[in-house]
Structures are given as structure tokens and as C-alpha cells.
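These notes concern the structure reproduced below.
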Amino acid sequence: MLTSDQNVPQPGESPDMPEVKLACPRATKNVRLRLGAEAQLDFPPVLNGIDYLLSVVTHLQPDTGGTPRDLKYAVLHLQAAAEVLLKARLIREHWSLVFRDLDTATHESFLQASFDSCTTATAVKRLRNIAGVTISEKDARALKDLAETRNALQHYGLTHNARALEARAAKVLDFLLGFLAEEALIPAASEHEADAWAHAAEYDLDMVRDGVTAIQSFVTRRMNRLRGNELKDAEDRTVYCLACQQPALLLGDDDGGGICHFCTGRWPARDLIEVYGIEAGWDSPGRYCPNCSCPTLIDGMSFADGKDTLYCTSCHTRPVPADLGRCNGCGRHWPTNAAHPDTGQILCPKCQGKSAEKKTRSTSH
Ligand SMILES: [Zn+2]
Ligand SMILES: [Zn+2]
Ligand SMILES: [Zn+2]
């Protein structure tokens, strides 16, 4: 479940059986437990996950962390928390669901924790498809981004900028807190045996919530300041940044790209076209613009003014999807008001030219 660097086993302990530290002031003393697999299967990992969350907010808060090293551990521990908590819910559905390959699942290897466990992306998929857990596309993507950031960090070191990481981490933290509550991963405190655990978990969770609020309020404060300054009266030219996911990417560069004032990331037009093209599943990145005919039309960009439009990086216009249809000849976006009054067919000038040529040829024969 956890990788070896996330949970180093103590001598005599089996790997992958999460250690739980109870730091509840209501418990008589700090108790270290390493729980047998016979015990409640999902609760020990849950406490372990909450412990990771606590570490994340400590590393992210400006007064207790915030250095590049802190950010590194915030990302590693957030990914560990996500993995542990998602899998705790999967185990509750059925223990075999945390195996990478379901065909190799045996109860014995599960109890001994000697198996390859599934990826976060697979865990999300199984939670949705098998356990019927609702995870929005946005949350699933935030989890995927986090897993990718964590892998990049392991291999190449920290390349993302600090503010982008903080804003993204706050979103995943927010999701995990909701997930813990909605999926009732912490047993009620009255269930006798789980009493001390539940108290410890609730105590730690309170600290996590405070931490998340502090991080979110940092994000909010910064966004408010930007809205009053750099982004003032520019909502129609401001889009959500793909790195920090804040509505702070101000378009305005000559090439149609722009700079994100929240995370300071620069987005040249060609990168925007490529990323949105991939997201839309297009075979070629940009579509032809009905205004300037350049292949630089982007779909799926969210503007800060909330208006649903496309965007062309060449002519900087924002065509409204409701006004556009597809050319019956070449499939490019073309205004619906250009439809032929009798046939209702939309043809762009190029295709109109072609069809006229065809007609002339057929009549001349
Ligand atoms: Zn950004
Ligand atoms: Zn254009
Ligand atoms: Zn056409």
C-alpha cells in the first residue's frame, strides 16, 4: 500500500502494515500501535492517512513551513495520504480491490501485505465503478496531477513553483477532508474498541481543517489582491491557469498566450493550444478559427467572466459556441447564420468554392 520510503517498517514489523501514533490529549499517553490485519481493516490506515494530512498542512503553512524542502514533503505526504485514504475505502468494499492485478489476489498475501498495490488512478476508477463512490472529474484530475507531481519530484526534484503547488495541494486537501466525512471513514466514537482511535483522528482532523483554512485563506487573500490590481477589469481576458488552477492567467501576450499572476507561470499560445487540444481529444491541436482562419482556436478554456466561449490565440476573439456550427464540407467551426436558407447546410467559403467548382465541372460535361 505505502511505498517503502513512506512507511519504513521497524525491526520485527511486517512492511506495509501502517504504524499508528496516537497523539490524542484525551488518551492517557501516546500509544504506538502496529495493528494486526485481523483488526478493523480500514481504520488503522485511515489514522495513518490523517497523520500524513497533518504533516502536509504543517509543511504548507507559512509559520510552520513554506520552504522548498517543506513543499517537497508536503507533496510526498499528500500523495501518501491520498493513496492510504482512497485504498482504505477500497478495502472496506473488498480487500482484493487494492491489488494491482486482481487475478493474483489471495487473502494470505493481503494479510502479509506482500503484493503490488494498484495506482491512485486505478483506485479512483475502482472506487467510482465498483464501490459507487462519487468523485468529480475535477477532483479526479487534481488527484492525477498530484500523483504525477509526486513522481516527477521523486525523479527530477522540485520543478513546479511553490505557489502553484500550494494552490493545488489545497484542492486535494479539501477533497480528502470531504471524502473522509462522506465515506464515514472514521468510526463513531461510541464504537467501544475504536473509541481512542476516533478521538485521536478527530483531534488530528481538527488541526488539519485549521491548516487547510489557513492555506485557503492565503490563496483567497492573494487572489483578492490580484483582482484589485493586476487582474482588475480584465475578467474577459483572464482564464483559469492550468498549473495552479486559479483564475489568474491573463491573456495579452502578442502571440495570444499570457502569464499567470498567481503562480507566475508563463503560457505561450502554442502550449495553450497543445494542452487544450490534448484535453479535448483532438487529433490535431488547434481548430480553424471562423474569424481569422488560423488553426489556433481553443475549446474548453474557462474565462473568469464565466462566459462559455472558444478562444483564438491569433485574432484574440472569443467566438460563442451557440453561434457556431460545423461546415458540412470540412467540419471546421462556421457561423450557423451562414447556413443555406433552403438546405440548411453550412458551408465555409473554401468549401462553397469547391462545391461551385464541382457543379461547373459536372454541367460542362
Ligand atoms: Zn497559475
Ligand atoms: Zn482567429
Ligand atoms: Zn469547409
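Quick note: the coordinates plus some simple rules give every number you see, no bench work behind them. Because the structure is a prediction, the values reported are computed rather than measured. Glycine gets a Cβ as well: all are built from the backbone with ideal geometry, and neighbour counts include every protein chain shown.
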- Message: Rounded, prolate or oblate for the stretch 64-110? Axes are the square roots of the Cα gyration tensor eigenvalues, ordered a ≥ b ≥ c, and the cut-off for rounded is a/c under 1.5.
- Response: prolate
- So what's the projected area for the stretch 55-162, the Cα convex hull averaged over all directions, in nm²? 7.8
- Ile135, Ile215, Ile130 arranged by Cβ crowding within 10 Å, fewest neighbours leading: Ile130, Ile135, Ile215
- Can you sort Glu183, Glu148, Glu83 by how many other beta carbons sit within 10 Å, fewest first? Glu148, Glu183, Glu83
- Message: Cβ neighbours within 10 Å, averaged per peptide: list 226-234, 290-298 in order, most packed at the top.
- Response: 290-298, 226-234
- With the convex hull built on the Cα atoms of the stretch 310-365, state its orientation-averaged projected area in nm². 4.7
- Query: So, in Å, what gap is there between the alpha-carbon centers of the stretch 314-354 and the stretch 214-248?
  - Reply: 35
- Task: May I ask you to sort Ile186, Ile259, Ile278, Ile50 by Cβ crowding, counting other Cβ atoms within 10 Å and putting the fewest first?
- Result: Ile278, Ile259, Ile186, Ile50
